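First comes the structure, then the notes that go with it.
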Amino acid sequence: MWRIAACVVVVAIGLWQSAAESDTPRHSAQPGGAPAIVSAPRNLRAGHVIPDEGYCDQPYVVITREGHWLCTMTTGPGREGDKGQHVVATLSTDQGRTWSKRVDIEPSGPCEASWVVPLVVTSGRIYAFYTYNGDRVGELRGKRIRADTLGWYAYRYSDDSGKTWSERHRLPLRITACDRTNDWQGKVQLFWGIDKPEVAGSAVYFAFTKLGRYMLEQGEGWVFRSDNVLVERDPTRLRWELLPEGELGIRAPEFGSIQEEHNLVPLHNGGLLCVYRTTLGHPCQAYSRDGGRTWPQPQPMTYTPGGRKIKNPRACPMLWRTASGKYLFWFHNNGHTSFGGWSRNPVWITGGVEKDGYLFWAQPEILLYDPDPNQGMSYPDLIEQGGRYWVTETQKTVARVHAIDSALLEGLWNQGRDRSVARQGLVLDMGPAGLQAGQAAIPSPLDLRKTGGLAIDVWVQLEGLAGGDTILSTRTRGGKGFALSTTPHGTIQLELNDGTTQARWDCDPGVLVPGKLHHVVANVDAAARVISFVVDGVLCDGGEARPFGWHRLRGSLGDVSGSGTLRIAPAWQGRLKRLRMYSRFLRTSEAVAHFHAGLP
């Protein structure tokens, strides 16, 4: 949960647009008549609002037997954790564009109800599982406390697509060592869940987090499993197991107190993968090979087994398995360690494929952003219907649903296989003969407000890493324009200046090697206001040197054409082998494909 406040930066350069983009994507003419789309749908404010009571969290959706969307949500008239917080449902018959009047799953009252997750089963029955303060605890050591992470694991169900809900039932949440050492010695249990239940074969699984101390300390993961909830209609005959077996949940003591918001996906080989957030700058992961009964020691989450860590602050890292059997992961791609809206904006997504029982993750893309860099988003859900994709998210005072471009997701899943070179927005394409001329006219103005971005794609070989060399430049004597140059830190840097606003960012240190041929893409995503670098098919994420590998602008950049003439390697120690320049940003997957296409 998003409990306090606090940070951010990405793989493309983006401008702050003076206002939120409209729902209709804007276009600008490109050479050859191809339009460049300023990606309004990624703007959070272009989404359709899901109604709430003021506070809103975890807007999760299931598809009813009629094909409609039922969204369950935690809401209330105050702020997170205030009295009156409860769980509701609302229905959409037009794929999230409009929503019905809210129906109480648990009414607002003296017992807080929070963190609801839904499940639809074979008959069309919809279950809603949530934390319920059935013990009516409101104080600890004589002081008033929040009561939204303690009590009973309750559920109700609906057999009429969410119009009415059954009486309340309880899941058998057995007491373990974590409970016995909490502030109430196990007489009250502390927990919450953000994991939407998953079907694996004939069983249902969902993870949640127990706490060993109020309020958010000594977290560890647990999993409920039912082998008959999909078909059994009598709630007294439902079978529930709490996993792992024994006294200890999913955690590693060396990763500290904060190990929470566990969620899982089933794997094709019968295993389970669970991930969760920490305050280490990265999520952790654990694989179970026996249906969740045992879990080996959690490890930092990585792009490949034993590979580079995936960065994420103290924010929900959400896993999904799609209907096609592929995987998606929602995260924020920065290594900050605290809460805070600025560390949760933008949100990134990566696609995963399973190989030999492990997930291999692609280089990520920006999925959504808020134009205000301090306004984050979290607690998403993925919706699939009719071959299309949507996500929901919340900013705690407003929740929305967003259509997702399936091409973006397919690009992630196809990374490493795609070797095509993008032609849309290509304004310069120069091989050895063209580069020898030493300069080239820019065919059209590079006004980032109109084009949506800029990408400079080069194959380059550096003779040394001393820095100070200019590779490309359109700068005037007054400094207007852009330049690609080397730095004393052994990196390549992009500088931009429209005459009023300046920006600069460089690739990660340590990725460039003297004498080695490198493929470097400097990317400017004007809508998301992000500058990023992709080097040799890998998106820079800051590595060990910095929490961000991308930079988010706080100002607006316009025309960076400068002199209108691109001067090529006027003075530097190295070799430029190929240049492509685009009057738009490249998707990460496009930049990766260009690397795999090789040097022509």
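Miscellaneous remarks
- The figure for SER166 is an accessible area of roughly 20 square angstrom, using a 1.4 Å probe on the protein chains alone.
- For segment 499-550, a Kirkwood radius taken over Cα pairs fed into Stokes-Einstein (20 °C, viscosity 1.002 mPa s) yields D = 178 µm²/s.
- Rounded to the nearest whole Hz, the Karplus-based 3J(HN,Hα) values (6.51 cos²θ - 1.76 cosθ + 1.60, θ = phi - 60°) of segment 551-568 follow the sequence 10, 9, 6, 10, x, 10, 10, x, 7, 10, 5, x, 6, x, 10, 8, 8, 9, with x at glycine and proline.
- Each principal axis of the Cα cloud of segment 241-378 was evaluated for its coordinate range; sorted largest first, these ranges are 45, 35, 28 Å.
- Of the Cα atoms belonging to segment 480-600, the radius of gyration and Dmax stand at 14.1, 38 Å.
- Heavy-atom surface of segment 379-435, accessible at 1.4 Å and reported per residue (Å²): 39 Å²
- Cα-centred dipole magnitude for segment 464-600, charges only on beta-carbon of K, R (+1) and D, E (-1), debye, nearest 20: 360 debye
- Within the chain, the longest segment free of exposed loop sites, counting GluC sites (Glu not before Pro) that fall outside DSSP classes H, G, I, E and B and have at most 14 other Cβ atoms within 10 Å, spans 248-462.
- With one equal scatterer per alpha carbon and no solvent term, the Debye-computed log10 I(q)/I(0) for segment 342-389 at 0.18, 0.19, 0.21 1/Å reads -0.75, -0.81, -0.89.
- For the chain, the normalised intensity computed at q = 0.05 Å⁻¹ comes to -0.23 (log10 of I(q)/I(0), Debye sum over alpha carbons, equal scatterers, no solvent).
- Within segment 86-129, the ratio Rg/Rh, alpha carbon atoms throughout and Rh by Kirkwood, equals 1.02.
- Shown are LEU140, LEU211, whose ranking by accessible area with a 1.4 Å probe and every protein chain present, most to least, is LEU140, LEU211.
- Segment 37-78: radius of gyration and largest Cα-Cα distance (Dmax), Å: 13.5, 39
- Selection from THR394, PRO380, ALA437, by position along the positive dipole direction of segment 364-522 (Cβ): ALA437
- Every Cα-Cα pair of segment 191-275 was included, and the share exceeding 23 Å stands at 26 percent.
- With respect to the chain, whose longest principal axis is taken over its alpha-carbon atoms, helix 588-597 is tilted by about 50°.
- Carbon-plus-sulfur accessible fraction, the chain (probe radius 1.4 Å, protein heavy atoms only): 50%.
- Debye log10 I(q)/I(0) at q = 0.14, 0.29 Å⁻¹ for segment 557-600, Cα point scatterers: -0.53, -1.10
- Dimensions (Å) - segment 465-535, Cα atoms, principal axes, largest first: 36, 29, 17
- Cα Rg, Dmax, segment 50-107, angstrom units: 11.4, 35
- Over the chain, relative contact order from alpha-carbon pairs under 8 Å, at least 6 apart, %: 16 percent
- Amide proton proximity set for ILE310, modelled H, under 5 Å, gap of 5+: MET301, THR302, TYR303
- Accessible area (Å², per residue) of segment 470-600, counting only protein heavy atoms and a probe of 1.4 Å: 34 Å²
- Whole-number D in µm² s⁻¹ for segment 32-136, Kirkwood Cα-pair radius fed into Stokes-Einstein, 25 °C, 0.890 mPa s: 161 µm²/s
- Each Cα pair under 8 Å and six or more residues apart adds its separation to the average, and for segment 525-590 the resulting relative contact order is 29 percent.
- By the compact-protein rule of thumb, 2.2 N^0.38 Å, the alpha-carbon radius of gyration of segment 400-501 corresponds to a ratio of 1.35.
- Convex hull volume per residue for segment 260-317, taking Cα atoms only, in Å³: 81 Å³
- Surface per residue (accessible, 1.4 Å probe) for segment 259-374, Å²: 26 Å²
The values are calculated or read from the model by the stated rules, or taken from the named source; none is laboratory data. As the structure is a computational prediction, the values presented were derived from the model and not from experiment. So basically every Cβ, Gly included, is an ideal-geometry build from the backbone, and we count neighbours across all protein chains shown. Keep in mind that these areas ignore ligands, DNA and RNA; they rest on the heavy atoms of the full protein, side chains included. Shrake-Rupley method; radii C 1.70, N 1.55, O 1.52, S 1.80 Å.
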